[in-house]
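Asker: So that we are looking at the same thing, I have put the structure below in structure tokens.
Just so it is clear, none of the values below were taken in a lab; they were calculated from the coordinates. As the structure is a computational prediction, the values presented were derived from the model and not from experiment. Reconstructed Cβ throughout: ideal geometry from the backbone, glycine too, with neighbour counts over all protein chains shown.
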Amino acid sequence: MGFLDYFRSEKKRSASLAKERLQVIVARERTNRGGADYLPALQQDILEVIRRYIAVDDDAVRIQVEREGDCEVLELNVTLPETE
Amino acid sequence: MARIVVVTSGKGGVGKTTTSAAFGAGLARAGYRTVVVDFDVGLRNLDLIMGCERRVVYDFVNVINGEANLNQALIRDKRVEGLEILPASQTRDKDALTFEGVESVLNALAETHDYVVCDSPAGIERGAHLAMYFADDALVVTNPEVSSVRDSDRVLGLLSSKTRRAEQGEEPVKEHLVVTRYAASRVGKGEMLSMEDICEILSIDLLGVVPESTAVLNASNAGVPVIMEEKTDAGQAYDDLVARYLGEEREHRFLTEKKGLFGRLFKG
């Protein structure tokens, strides 16, 4: 570092700001990816089928795909309403 | 059987066509029969960058529609032996490129060439999808700038899911990072993402860094692939890049700024 940098080092470098912001947004967009395109539609269909039998909330069905080595696992969680 | 290489980026204006022209010319200069295919239907520009715009008679879509055969549409480069280009059509019909049409043209090109370089349009629509679909390798062109890096990451996601290799469960498309418009002096001042930052965020292998250079505009003004301008920094950077792609080990140049006497005095 040259001695002039001493006077300049106060400001936060814009490149490190860019890197931080990119790391956050890229990580978020990657988790939404890989996800098959049909998942939201599948989730909606399953919700409708369950509703033929039980009254459940809109967010009662949670669905996600996890990758374990070569195989993919479709995980389905249905929250039933508490019985009184 | 040729290797199919897509030059892609997501974002526009980052240097895909400049890279396609330089890369194609470099491969041909190394002795490989190479064809560069312009996939940017409606916005043909590869012909201009390669200086053969006045020799375009038939185009990619004419071949797909059976209005011309491949040999009528291919333009042989006058400077480099073994280099050809297949120009895009200027039609406004977005569906002019059909999946089957592209597949059959690429198959035919693959039989008579060693490398087929596909110059992708910007975006992630049909043209970009078809340009990457049949690829074996991808050059992902990225500027050291937030929107370009983000779009490149998006494109990497598509390369690993929406390509023939991905769909058929074959070995994935080999991805290479090409950083262009790199200004080492600004990186030094902390004003620009460094090559290391970009590699870390995208986590793919770096093939080459092309410095921001007046040579690129000069070469495009003249219709000469910048790799032919052997005395320029950008030309040398592309020459290194092609050599690395072909398996040669070459150190990265142009990663640090050239300091004059004045700069050295003040920066130590």
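Asker: Using a cut-off of 15 Å between beta-carbons, work out the net charge of the residues near B:Asp240 (Lys and Arg +1, Asp and Glu -1, B:Asp240 not included).
Answerer: -3
Asker: Now for a different question. Normalising by the residue count of the stretch B:1-152, find the relative contact order in percent from Cα pairs under 8 Å and 6+ residues apart.
Answerer: 43
Asker: Taking the Cα centre as origin and putting +1 on Lys and Arg beta-carbons and -1 on Asp and Glu beta-carbons, what dipole magnitude results for the stretch B:17-66, to the nearest 20 debye?
Answerer: Result for the stretch B:17-66 is approximately 220 debye, rounded to the nearest 20.
Asker: Now a separate question. What is the stretch B:1-147 by shape, rounded, prolate or oblate, if you read a ≥ b ≥ c off the alpha carbon gyration tensor as root eigenvalues and call it rounded for a/c under 1.5, prolate for a/b larger than b/c, and oblate otherwise?
Answerer: Cα axes put the stretch B:1-147 in the rounded bin.
Asker: Then there is this: Rank these for me by crowding, B:Met132, B:Met228, B:Met1, going from fewest to most other beta carbons within 10 Å.
Answerer: B:Met1, B:Met228, B:Met132
Asker: Now a separate question. Quickly work out the A:Gln44-to-A:Val56 label distance, labels modelled 7 Å from Cα along the C-beta direction, and quote it in nm with one decimal.
Answerer: Distance between the two pseudo-spin positions: 1.7 nm.
Asker: Decide, for the protein assembly as shown, between rounded, prolate and oblate: order the square roots of the alpha carbon gyration tensor eigenvalues as a ≥ b ≥ c, take rounded if a/c falls under 1.5, and otherwise choose prolate if a/b is larger than b/c, else oblate.
Answerer: Verdict is oblate for the protein assembly as shown.
Asker: With θ set to phi - 60° and the Karplus curve 6.51 cos²θ - 1.76 cosθ + 1.60, what are the ³J(HN,Hα) couplings of the stretch B:161-173 in order, to the nearest whole Hz, using x for Gly and Pro?
Answerer: The phi angles translate into 9, 10, 10, 4, 4, 5, 5, 9, x, 7, 4, x, 4 Hz.
Asker: List the trypsin sites (Lys or Arg not before Pro) within the stretch B:69-118 that fall in a DSSP loop (any state other than H, G, I, E or B) and whose Cβ has at most 10 other Cβ atoms within 10 Å.
Answerer: Filter output for the stretch B:69-118: B:Lys78, B:Arg92.
Asker: Right, another one. Collect residues whose amide H, placed 1.01 Å from N in the peptide plane, falls under 5 Å from the amide H of B:Glu212; neighbours closer than 5 in sequence don't count.
Answerer: It is B:Arg181, B:Tyr182, B:Ala183, B:Ala184, by chain and number.
Asker: Is the stretch B:50-115 best put as rounded, prolate or oblate by its Cα gyration tensor, with a ≥ b ≥ c the root eigenvalues, rounded for a/c under 1.5, and otherwise prolate when a/b is larger than b/c, oblate when not?
Answerer: The shape class here is oblate.
Asker: Going by how many other beta carbons lie within 10 Å of each one, how would you line up B:Met192, B:Met50, fewest first?
Answerer: Ordered from fewest to most neighbouring Cβ atoms within 10 Å, B:Met192, B:Met50 come out as B:Met192, B:Met50.
Asker: What's the average, rounded to a whole number, of partner chain beta-carbon atoms within 10 Å of each residue's beta-carbon in B:188-196?
Answerer: Going residue by residue through B:188-196 and averaging, the value is 4.
Asker: Would you order B:Thr112, B:Thr8, B:Thr18, A:Thr31 from fewest to most other beta-carbon atoms within 10 Å of each residue's own beta-carbon?
Answerer: Listed from fewest to most nearby Cβ atoms, that is A:Thr31, B:Thr112, B:Thr18, B:Thr8.
Asker: Okay, next question. Return the long-range amide H neighbours of B:Cys118 (sequence gap of 5 or more, or a different chain), with a cut-off of under 5 Å between placed amide H atoms.
Answerer: Answer set, sorted by chain and number: B:Val5, B:Val6, B:Val7, B:Val37.
Asker: Turning to a different aspect of this structure: What GluC sites (Glu not before Pro) in the stretch B:30-138 are in a loop by DSSP, with at most 12 other Cβ atoms within 10 Å of the Cβ?
Answerer: Filter output for the stretch B:30-138: B:Glu67, B:Glu81, B:Glu125.
Asker: Follow-up question, since we're still on this one. Could you tell me which of the pairs A:Lys19/B:Lys16; B:Lys16/B:Lys94; B:Lys162/B:Lys231 are separated by over 28 angstrom between their Cα atoms in the structure shown?
Answerer: The answer is B:Lys162/B:Lys231.
Asker: Please give me, ordered by residue number, the GluC sites (Glu not before Pro) of the stretch B:181-250 that lie in loop per DSSP and have at most 16 other Cβ atoms within 10 Å.
Answerer: Answer by residue number: B:Glu191, B:Glu230, B:Glu248, B:Glu249.
Asker: Could you point to the residue in B:Thr180, B:Ala222, B:Ser194 farthest towards the positive end of the stretch B:128-240's charge dipole, with +1 and -1 charges on the Cβ of Lys/Arg and Asp/Glu respectively?
Answerer: The listed residue farthest towards the positive side: B:Ala222.
Asker: While we're on this one: Mind pulling the per residue volume of the convex hull built on the Cα atoms of the stretch A:13-84? Å³ is fine.
Answerer: 149
Asker: I'd like the Karplus ³J(HN,Hα) series for the stretch B:81-93: coefficients 6.51, -1.76, 1.60, θ = phi - 60°, whole numbers in Hz, and an x wherever there's a Gly or Pro.
Answerer: 5, x, 10, 9, 10, 10, x, 7, 7, 9, 4, 8, 6
Asker: Would you calculate a helix-derived [θ] at 222 nm for the protein assembly as shown, using -39,500 (n - 2.57) for each DSSP H run of n ≥ 4 and dividing by the full residue count, to the nearest 500?
Answerer: The helix-only estimate for the protein assembly as shown comes to -11500 deg cm²/dmol at 222 nm.
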